[in-house]
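Just below is one structure, and these are the notes that go with it.
The values are calculated or read from the model by the stated rules, or taken from the named source; none is laboratory data. Source: prediction; values computed, not measured. Don't worry about glycine lacking a Cβ; one is built from the backbone with ideal geometry, like all the others, and counts go over all protein chains shown. The protein model used for the area step is the full one, side chains on, heavy atoms only, and it has no ligands, DNA or RNA in it. Shrake-Rupley method; radii C 1.70, N 1.55, O 1.52, S 1.80 Å.
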Amino acid sequence: MKQLLQFLSLLVFLLSATIKSNAQAEYKKITGYRAYYGWAKHAPQDWMILREFVNDGKSYLLLVNPQTLETKIDEPGFYEIKPMTIDEARVFFKSTPYVKALQKAEKQSLSTQDAGIESGMPKQTGISLTADLCPSHKPLDKVIFTSIIAEFKKVEQPVPVALSVTGIWMRQHPQDLEWLKKLQGEHEIYITWINHSFNHRVSAKLPLKENFLLEAGTNINYEVLETEMAMLKNGLMPSVFFRFPGLVSDKELVYQITDFGLISIGTDAWLAKGQQPQAGSIVLIHGNGNEPVGVNDFIKLLKSKTQSIAKKQWLLYDLRESVDEEFQGE
Ligand SMILES: [Zn+2]
């Protein structure tokens, strides 16, 4: 009996240790954060290296699984490492869904608005939800999250959602961020964090071609890397996705972003602009309190799908899987 109790307490200890290790660590003392590419070999899964940094004297890598688009932070000691340029790494991993998605983003780089991947697989019955957190003094629109959790409770848990976050929003909204992290920690939602630039500068006067990240004086290195660092300091895992502020870019900017190993994500259904979602759509709403129309449209859409959701005929898709599936087995 005593042995059984000992065994059970060991089991509980191991389980709680596993659960804790799933929570994302916070890297509060980052130095030397930089783009660094290569091959991190560790059988059976190879990873591509995207960044390296030091935190509190210890080295870390940001890695992507090029088959699934999953990202993680790990210590270099676990891998056999071959440093490469981004171009060499793209050739080395050329047959993977990750590199094919980068290529597709580049192919769709010509338009001033909405460049990049703007929908997933049409065979999907449902959508991928993306909500942008541009700088805002208003609180997070929590109803988006409480509504999807309530609607999908019996069907999908955690419910996948992708949030495009800016550095400024993270600084302005520590409590909202804690609230989101708590929902993720309790497995109510799973958040894919999209880089939406640090400052998200916008001018009311300038034409689109000189606005947002195309405005003179933009430091793209800072906009990309500082946002990733802010994510890591706040305990968020950067993904391989980027959303242009205002959805505005030009060809050169798209290539600058893919040179960071990031895939630009557009939308084919910006609800507040009246665009109707189709099967496989990447839906855009704003979660920063500045676009109540889009949020209301989304809640209406959810309510109209209640029966389909219950029958698993209308689902929310993980953005990583939506983009990934398109290039699997190609
Ligand atoms: Zn924005």
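Before moving on, here are some points about what is shown:
- With a cut-off of 9 Å between beta carbons, the residues surrounding P238 carry a summed charge of 0, where Lys and Arg count +1 and Asp and Glu -1.
- Convex hull (Cα only) mean projected area of the chain, reported in nm² to one decimal: 19.5 nm²
- Coupling constants for the range 207-218 follow from the phi torsions by the Karplus curve (6.51 cos²θ - 1.76 cosθ + 1.60, θ = phi - 60°), and in residue order they are x, 3, 5, 10, 10, 6, 6, 8, 5, 4, x, 5 Hz; glycine and proline get x.
- Calculated Rg and Dmax of the range 66-198 using C-alpha coordinates, Å: 17.7, 47
- When the P(r) of the range 112-178 is calculated, the portion above 18 Å amounts to 51% of the C-alpha pairs.
- Value of [θ]222 nm, deg cm²/dmol, for the chain, DSSP H segments ≥ 4, -39500 (n - 2.57) each, nearest 500: -10500 deg cm²/dmol
- Rounded accessible area of D56 (nearest 10 Å², 1.4 Å probe): 110 Å²
- The phi-based Karplus calculation (6.51 cos²θ - 1.76 cosθ + 1.60; θ = phi - 60°) puts the 3J(HN,Hα) values of the range 64-69 at 10, 7, x, 7, 10, 6 Hz, whole numbers, x for Gly and Pro.
- To the nearest 10, the accessible area of E321 is 100 Å² with a 1.4 Å probe.
- The range 65-135: radius of gyration and largest Cα-Cα distance (Dmax), Å: 15.9, 43
- When both the range 232-261 and the range 126-146 are represented by their alpha-carbon centers, they are found 18 Å apart.
- The residues K100, K233, K28, sorted by heavy-atom accessible surface at 1.4 Å with ligands and nucleic acids left out, run K28, K233, K100 from largest to smallest.
- Using heavy atoms of the protein chains and a probe of 1.4 Å, the accessible area assigned to R34 is about 110 Å².
- Across q = 0.12, 0.17 Å⁻¹, the range 154-235 modelled as identical point scatterers on its alpha-carbon atoms has Debye log10 I(q)/I(0) values of -0.44, -0.75, in the order of the q list.
- K138 versus Q175: modelled label distance in nm, points set 7 Å from Cα along the beta carbon direction: 1.8 nm
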